[in-house]
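Read through the structure below, which is laid out as structure tokens, and then see the notes.
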Amino acid sequence: MGLFEKFYPDEYIRSTYDIDFEALYKDGYRGVIFDVDNTLVPHDAPADDRAKALFKKLHDLGFNALLLSNNKEPRVKKFAEDVKYASYIYKANKPARSGYYAAMDKMGTDKETTLFVGDQLFTDVWGAHRSGIRNILVHPINPKEEIQIVLKRRLEAIVLKRYFKRNSGQK
Ligand SMILES: [Mg+2]
């Protein structure tokens, strides 16, 4: 196993809103864990119509949905209330496994029936990988980010470059 493979996502999709959840439901998935900031909306932005429509759609399809965020309770709770069809865990301390396990407990799903969607390799994807959950990396929504995130993105870029290089020619 290469140095960076634990950070590789199972799949990369440009946007959360391009994910084919109908197909995933048919494949047997029943729970979706989402990162919030830059995965569903820009950092600290409120739930918009697109996000609300996604959670309604997931609910109608039969999915359980949960927001797993390292952000604080007021932020995550308000977002969950606004999108209606999602439970939440705040200050999740990703990449720690505990939040991912708690999320599956809350949804009544397991590693085989749960998906994770997030925008950061060293928290979101690594945590899902360690927890044995299939994960999808999406491109961060907000181009303007805080300096510590910008620095992490530079490290992510190094890993992603190798990831895409390995994957090129597969399709
Ligand atoms: Mg994020």
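The values are calculated or read from the model by the stated rules, or taken from the named source; none is laboratory data. The structure presented is a predicted model; accordingly, all values stated were derived computationally and were not measured. Methodologically, a virtual Cβ is constructed for each residue, glycine included, from the backbone with ideal geometry; neighbour enumeration extends over all protein chains shown. With ligands, DNA and RNA removed, areas are computed over all heavy atoms of the protein, side chains included. Shrake-Rupley method; radii C 1.70, N 1.55, O 1.52, S 1.80 Å.
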Over region 5-166, with every protein chain in place, what whole percent of the accessible area is carbon and sulfur at 1.4 Å, could you tell me? 51 percent
Among 70-78, 133-141, how do they line up from the highest to the lowest mean number of other beta-carbon atoms within 10 Å? 133-141, 70-78
Just grab the label-to-label distance for LYS77 and ARG14, each label 7 Å out from Cα along the Cβ direction, in nm (one decimal). 3.8 nm
Give the long-range amide H neighbours of ASN135: residues separated by 5 or more places, or on another chain, with amide H under 5 Å away, using H modelled in the peptide plane at 1.01 Å from N. ASP10, GLU11, PHE116
Segment LEU155-ALA102, extension gain: residue separation times 0.36 nm, minus the distance between their alpha carbons: 16.2 nm
Could you sort ARG153, ARG130, ARG14 by their accessible area in this structure, using a 1.4 Å probe and putting the largest first? ARG14, ARG130, ARG153
Rounded to whole Å and sorted largest first, list the principal axis extents of the Cα atoms in region 5-166. 39, 32, 28
Name the residues whose placed amide hydrogens come within less than 5 Å of the amide hydrogen of TYR88, ignoring near sequence neighbours (fewer than 5 apart) on the same chain. LEU67
So who's got an amide H within less than 5 Å of the one on VAL32, skipping anything under 5 residues away but keeping other chains? H placed 1.01 Å off N, in plane. ASN64, ALA65, LEU66, LEU115
Which value at 222 nm does the chain reach when only helices count, each DSSP H run of 4 or more adding -39,500 (n - 2.57), with the total divided by all residues and rounded to the nearest 500 deg cm²/dmol? -12000 deg cm²/dmol
Computed curve, region 1-69, Cα-only Debye sum without solvent term, log₁₀ I(q)/I(0) at 0.16, 0.28 Å⁻¹, is -0.64, -1.41
Longest segment of the chain lacking GluC sites (Glu not before Pro) that sit in a DSSP loop with at most 11 other Cβ atoms within 10 Å: 1-111
Report the gain in length on full extension from LEU61 to HIS139: 0.36 nm times residue separation, minus Cα-Cα distance, nm rounded to one decimal. 25.6 nm
Write down the accessible area per residue of the chain in Å², having rolled a 1.4 Å probe over the full set of protein chains. 53 Å²
